[in-house]
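Here the structure is laid out as structure tokens; the discussion comes afterwards.
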Amino acid sequence: MPARISISMMPQKDFKLPLFTGQIARGLLLHVINRANPSAAQSLHEANVLKPYTIEPLYFRSKMKAPDGYLLDGSRPCILTVKVLKDDLVEKTLAYLASNDKILIRDNVLLLNEIRFESKDYSKIMKDAKEIDRFVMDFMTPTYLSKKGSDYFSLLPEPRAVMMNLLRIWNAFAEDKVGKEDYRAYWRWLEKNIGINMYELRTMPIRVQRMKAKTGFVGRVSYIIGDRRYSRLTDALLTFAEFSNVGGGRTAGMGVVRVSRETEGQKVKKDKKL
């Protein structure tokens, strides 16, 4: 089951953090998994395979910003959000956190303050999906999409590229997989039946070591659906997207999204900001 674990930590002093903290958040998660389940941790380092976890950059209050990073305010909580896509990782991660009272960021001690847990079963995500007419995706962190057979990356959130990326991740971890026939039909349906209605995007440099892509896009895109045949599948994948992230670099905090929907007679509240 996809799960989101938000870990509130209390620093013991001010300390410096880089401009983008996705790689630090990933390091913290891998450390936790390594302590909780060493065999599972080893498999998470395999190259060129979809990983059953994603993270979000650290959330914290800063005292000041410098060209190379921030000074974290040690009097305010720092929040680590990890998102796990397999049940066994969820259980072992929670068990380790429950039995420990501190986490280290470099040489800085943070005391565990509160753990919040949210999960949604794959079958329930699919069962609860609704027919929608339109949706809005907010790309919160730099996002890029790989292009098959190309050394270049797409910096445009085209409907087919976004949704098929999510479907591939879904089929890698969900019990209720989308079969080959529907997979191909959905690929064709996306080309004809989902379009971009409005967008507000900008590019942003990716400051993560060893990341092949150097630039990603952030901002908001409004999509409109012309035919409802696969709108329920689309709705399910959008729910999943907030656990899985979108595109490349998911495990380093790339592609964090928030989603709003619209059905007939209902407006997306955020439209006025577009």
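Please verify whether residue 138 is in a strand (DSSP E or B), closer than 30 Å to residue 189 by Cα and of a type outside the set (Ser, Thr, Tyr), treating the condition exactly as stated. When the stated conditions are applied, residue 138 passes them.
Which strands (runs of 3 or more DSSP E) does region 73-131 wholly contain that include 3 or more residues that are touching a Phe, Trp or Tyr at 6+ places or on another chain (Cβ under 8 Å) and either touching a residue at least 12 places away in the same chain (Cβ under 8 Å) or under 30 Å from residue 229 (Cβ atoms) (or both)?
Because the criterion is at least 3 residues that are touching a Phe, Trp or Tyr at 6+ places or on another chain (Cβ under 8 Å) and either touching a residue at least 12 places away in the same chain (Cβ under 8 Å) or under 30 Å from residue 229 (Cβ atoms) (or both), the strands (runs of 3 or more DSSP E) in region 73-131 that meet it are 78-84.
Filtering region 154-189 to residues that are of a type in the set (Ser, Thr, Tyr) and modelled with pLDDT of 95 or more leaves 183, 186. Looking only at region 1-28, residues that are polar (S, T, N, Q), buried (at least 21 other Cβ atoms within 10 Å of the Cβ) and under 29 Å from residue 176 (Cβ atoms) come to 0 in all.
In region 32-57, the qualifying residues are those that are under 13 Å from residue 251 (Cα atoms) and among the hydrophobic types (A, V, I, L, M, F, W, C), and the one that is modelled with the lowest pLDDT is 47.
You will find that of 200, 191, 242, the residue that is under 20 Å from residue 58 (Cα atoms) and acidic (Asp, Glu) is 242 and no other. Elements of the type strands (runs of 3 or more DSSP E) sitting completely within region 166-267 and holding at least 3 residues that are in contact with a Leu (Cβ under 8 Å, 6 or more places away or on another chain): these cover 194-205, 215-225.
The values are calculated or read from the model by the stated rules, or taken from the named source; none is laboratory data. Fair warning: this is a prediction, and the values are worked out from it, not measured in the lab. Cβ atoms come from the backbone with ideal geometry, glycine included; neighbour counts cover every protein chain shown.
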